[in-house]
Amino acid sequence: MSTHALQRLIAFDTLGGSQDRRRMLRDVTEKFMVCEDRYGRRNTSLFDLLLSRTASAMDRKSRRMIVALLAKAGMDEKEARNLIIGLNSPNRRFLRGTVTRPIGDLFLYFKEAADPGDLDPNIPLKEGHSLHLPEPMPDWLFQCQVTFFLKQLTPQIGEDRAQFLRKAFDKLRSDVVKAACDAGREEIILARRKIKEWTRVRPVDDDLLLELLGARAMTEFIFAGMEFFDVDAATMFRILNDRSFDCFAIACRARDVRRSVFAEALTRFNARDTDDLLEEPILHTYDQLPRETAERVMRFWQIRVKEEINKESLETAIAS
């Protein structure tokens, strides 16, 4: 959905026929929709958040380990740290789009992008849990990250040191994976608990969202946003990872978020180096978008979600 589509949405009430209006609502809400395996299942309700936090923790732990191993292999520790600082994150290749891909496809992506090491590629993906990634996905996520890091590092450290890292990572995989999974799960548990405690004494409003953004408490922001916008975790991810921020604009307008708060949120989001944010055009569009139209978009999205959940329930009943 481009800014042009938002301009069309502003003119929603001028559309003549109900079919035209429904077609536009379907087009607009398409960017709110996530992969069907996220709807109506408790075990996948937090999958994308859990994967994101686990992958981030794994990235940090792997980088620290690379520095320690390179120092052990004779490289100056300061030089090793500078090398690590210059490495891109392997997570940038997949995290922003996870909610639109089936979990099984993500698992295959990790396997195809990874040097398997001593992992058995024939072990199938098991059923996950809301706070546990399905096995053996974390192992393959780790191998995917290691493969990515070594591809960047080998021209700078040489094949002998790269081979030393490969062998060390094979031995240390289980420790790193467990620590990263524990860290990701703990971050989610603490953030969810904190938001629940806050909502007992104050409502979730746009001021709280802005406060969380300012503190860069993004996991707390996601749970607060789920409460404020009345969306599930996967959809919240979808909204936040829309590079155009059209989805965020619609969700905020539907909840009557003040323009000043919306503008400040854009400024703080703009610190993310993966965003290509044109602030002025979207602020102008935000001013023009009627709240009633934005509310209609969100209601239509809720209808589509219910349809997906009912379809999933029907398919499950037929299968059983």
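Values quoted throughout were computed directly from the atomic coordinates according to the rules given, and no laboratory measurement underlies them. Model, not experiment: these values are computed from the prediction. We place every Cβ from the backbone using ideal geometry, glycine too, and count neighbours over all the protein chains shown.
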Exercise. Does anyone have the angle between helix 159-201 and the longest principal axis of the chain? Alpha-carbon axes, 0 to 90°, nearest 10?
Worked result: 30 degrees
Problem set entry | Partner lysines for Lys306 [C-alpha distance under 27 Å; skip if fewer than 8 residues away on the same chain] | Lys31, Lys126, Lys196
For this session: Return the subset of Lys78/Lys171; Lys61/Lys194; Lys61/Lys167; Lys61/Lys178; Lys111/Lys178 for which the Cα-Cα distance in this structure is over 23 Å, preserving the input order.
Result: Lys78/Lys171; Lys61/Lys194
Seminar exercise, completed: Longest principal axis of the chain (C-alpha) makes with the long axis of helix 279-288 (C-alpha) an angle, in degrees to the nearest 10, of 30 degrees
Exercise. Say we join alpha carbon atoms closer than 10 Å with springs in a Gaussian network model of the chain; which of Asn122, Asn241, Asn88 then has the biggest fluctuation?
Worked result: Asn122
For this session: Evaluate the relative contact order of the chain (contact order divided by residue number), counting alpha-carbon pairs under 8 angstrom at least 6 apart; express in whole percent.
Result: 27 percent
For this session: Taking the Cβ of Ala168 as the centre, find all other residues whose Cβ is under 12 Å away and add up their charges (Lys, Arg: +1; Asp, Glu: -1).
Result: +4
Problem set entry | the chain: proportion of alpha-carbon pairs further apart than 33 angstrom, % | 35 percent
For this session: Tell me what the chain gives for mean residue ellipticity at 222 nm when only DSSP H runs of n ≥ 4 count, each as -39,500 (n - 2.57), the sum divided by the residue total, rounded to 500 deg cm²/dmol.
Result: -22500 deg cm²/dmol
For this session: Indicate the gyration tensor shape class of region 1-133 (rounded, prolate or oblate), computed on the Cα atoms with a ≥ b ≥ c the square roots of the eigenvalues: a/c under 1.5 is rounded; otherwise a/b larger than b/c is prolate and the rest oblate.
Result: prolate
